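Coordinate-derived values only; no laboratory data. Computed from a predicted structure; not experimentally measured. Quick reminder, even Gly has a Cβ in these numbers, built from the backbone with ideal geometry, and neighbours come from all protein chains shown.
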Amino acid sequence: MEMQQNVTIAFIGIAAGLLGGVLGLGGAIIIIPALVMLLGYSQQMAQGTTLFMLVLPVGALAAWQYYKVGNVEIKTALILAVAFFVSGFIGAKFANQVPQEFLKKAFAFLLIAIAIKMLFFEKALK
């Protein structure tokens, strides 16, 4: 059973890596729903596991490919990283205090809202 679960986890990682490299998706969009739906993780466990995975330089090779052809804005990336570092801590403290069902619905709603925006509205929000 554990071997099968490890293979499933590896395939989730492969799918997230390929889609992240091709479409620039954050791994959480793929990994969190997969851990919840395929492996029965709680929303908090899936989020915590995914964030822990992101502590490692998992996107370094993909980012390097974008950087080599001039598709990385370093200043923006650094500002985002610092902001994410601080707000991620605050968000994680909050997420561990709220019910799993609320987190699952909030996550799903956010994905739907982003999809609608990208499908039907081309202009940037200004």
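Multiplying each eigenvalue of the alpha-carbon gyration tensor of segment 19-80 by 5 and taking the square root yields semi-axes of 27, 12, 9 Å, largest first, rounded to whole angstroms.
Estimated from helices alone, the mean residue ellipticity of the chain at 222 nm is -26500 deg cm²/dmol (sum of -39500 (n - 2.57) over DSSP H runs with n ≥ 4, per residue). Counting only Cβ charges, +1 for Lys and Arg and -1 for Asp and Glu, the dipole size of the chain around its Cα centre is about 380 debye.
Applying a DSSP loop filter and a limit of 15 other Cβ atoms within 10 Å to the GluC sites (Glu not before Pro) in segment 30-126 leaves Glu73, Glu122. The stretch between Trp64 and Leu119 holds 17.0 nm of extra length on full extension. This uses 0.36 nm per residue minus the Cα-Cα distance. For Cα Rg over 2.2 N^0.38 Å, the candidate list reads [x] 1.16; [y] 1.59; [z] 0.98; the entry that matches the value derived from this model is [x].
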